[in-house]
1. Considering only residues of region 112-121 that are of a type outside the set (A, V, I, L, M, F, W, C) and surrounded by 14 or more Cβ atoms within 10 Å (Cβ to Cβ), which is farthest from Tyr62 (Cα to Cα)?
2. Looking at region 68-88 only, could you name the residues that are outside any loop (DSSP other than H, G, I, E, B), among the polar types (S, T, N, Q) and exposed (fewer than 11 other Cβ atoms within 10 Å of the Cβ)?
3. Starting from residues that are at pLDDT 90 or above and among the β-branched types (Val, Ile, Thr), keep the ones in region 167-193 and report whichever is surrounded by the most Cβ atoms within 10 Å (Cβ to Cβ).
4. Count, please, the residues in region 132-166 that happen to be part of a strand (DSSP E or B), at pLDDT 80 or above and either of a type outside the set (Ser, Thr, Tyr) or over 21 Å from the mean Cα position of the chain (by Cα) (or both).
5. Kindly indicate the residue of region 49-67 that is part of a strand (DSSP E or B) and at pLDDT below 80 and also most open to solvent (accessible area, probe 1.4 Å) among those meeting that condition.
6. How about region 89-111: which of its residues are in contact with a Ser or Thr (Cβ under 7 Å, 6 or more places away or on another chain) and either surrounded by 14 or more Cβ atoms within 10 Å (Cβ to Cβ) or at pLDDT 90 or above (or both)?
7. Might you check whether a residue that is more than 30 Å from Glu150 (Cβ to Cβ), surrounded by fewer than 14 Cβ atoms within 10 Å (Cβ to Cβ) and at pLDDT 80 or above occurs anywhere in region 25-48?
Amino acid sequence: MITRRTLIWPLLGAVALAQSAALFNMVYARDRLLKKGREITLAVRPLDPRDIFRGDYVTLGYDISTLKKSSTETDPDFNGVSPGSAAYVTLKGAAGGDWTVTHVGSRYPSEVAPDEVVLKGRVKYVWSAGNDAESTIQVLYGIENYFVPEGTGRALEDKVRSHKIEAVVAVAADGTAALKGLIVDGERHEDPPLL
């Protein structure tokens, strides 16, 4: 005879297995992105906060994070965008390794040139100066925080304040981005990523 008590243990085992599989999938997807994603470098503007739960980190700001609609080509359905909306930002590579924004839309573009890459982000803020064409949009890509081992943030901070810094970013085919490391004054820093 099957009772409630005998059914609970297999059910708990199935739930634990499903949670473990979901966690494994997240770690595997992140690892695959870091290893197989297209690598680009972006100039950054660092800030210096500290997170007591995850160690030292540097908050990074990017020129591609603040978009002026008047100077950026946008899809018609991107008008009236609000915080939390998806933003697909197309970047075009230049000869010097700089990336500039050429287009932004609410969907992945149908055509992407070989010298372009698309980053998937979320709209954080929208500032409007009267009409929609003069709006400024701030986009977050999930590459704004770079974590370093506890106690090493101060040394990196000192280098960052006095030298040029670039972020090494891996980009997947769907536009998902992950921060691989930093280049500070020509020296590459890669620390194991934290999820």
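The values are calculated or read from the model by the stated rules, or taken from the named source; none is laboratory data. Bear in mind that the values here come from a model prediction, so they are computed numbers and not experimental data. With ideal geometry, Cβ positions are generated from the backbone for all residues, glycine too; neighbour counts draw on all protein chains shown. Remember, those area values only see protein heavy atoms, side chains included, never the ligands or the DNA or RNA. Shrake-Rupley method; radii C 1.70, N 1.55, O 1.52, S 1.80 Å.
1. Taking region 112-121 as the starting set, the residues that turn out to be of a type outside the set (A, V, I, L, M, F, W, C) are 114-116, 120-121.
Subset that is surrounded by 14 or more Cβ atoms within 10 Å (Cβ to Cβ): 116, 120-121.
On the way: Glu116: 17, Lys120: 14, Gly121: 13 Å.
The extreme case among them is Glu116.
2. The first filter runs over region 68-88 and keeps only residues outside any loop (DSSP other than H, G, I, E, B), leaving 68-71, 73-74, 76-78, 86-88.
Next, only the ones that are among the polar types (S, T, N, Q) stay: 70-71, 74.
Hit for region 68-88 is Ser71, nothing else.
3. Going through the qualifying residues, I end up with Val169.
4. Taking region 132-166 first, the residues part of a strand (DSSP E or B) are 136-140, 145-148, 165-166.
Then keep just the ones that are at pLDDT 80 or above; that gives 136-140, 145-146, 165-166.
So of that shortlist, the ones also either of a type outside the set (Ser, Thr, Tyr) or over 21 Å from the mean Cα position of the chain (by Cα) (or both) come out as 137-140, 145, 165-166.
Residues flagged as part of a strand (DSSP E or B), at pLDDT 80 or above and either of a type outside the set (Ser, Thr, Tyr) or over 21 Å from the mean Cα position of the chain (by Cα) (or both) within region 132-166 amount to 7.
5. Start the filter on region 49-67 by keeping residues that are part of a strand (DSSP E or B), which leaves 50-51, 55-62, 66-67.
Okay, now just the ones that are also at pLDDT below 80, so 50-51, 55-59.
Details: Arg50: 141, Asp51: 41, Gly55: 6, Asp56: 17, Tyr57: 37, Val58: 7, Thr59: 31 Å².
Checking each candidate, the answer is Arg50.
6. Keep residues of region 89-111 that are in contact with a Ser or Thr (Cβ under 7 Å, 6 or more places away or on another chain), which gives 90-92, 94, 97, 101-106, 109.
Scanning region 89-111 gives Thr90, Leu91, Lys92, Val101, Thr102, His103, Val104, Gly105, Ser106, Pro109.
7. Step one: of region 25-48, the residues more than 30 Å from Glu150 (Cβ to Cβ) are 38.
After this cut, where a residue has to be surrounded by fewer than 14 Cβ atoms within 10 Å (Cβ to Cβ) as well, the list is 38.
Right, trim to at pLDDT 80 or above and you get 38.
Yes, some residue in region 25-48 is more than 30 Å from Glu150 (Cβ to Cβ), surrounded by fewer than 14 Cβ atoms within 10 Å (Cβ to Cβ) and at pLDDT 80 or above.
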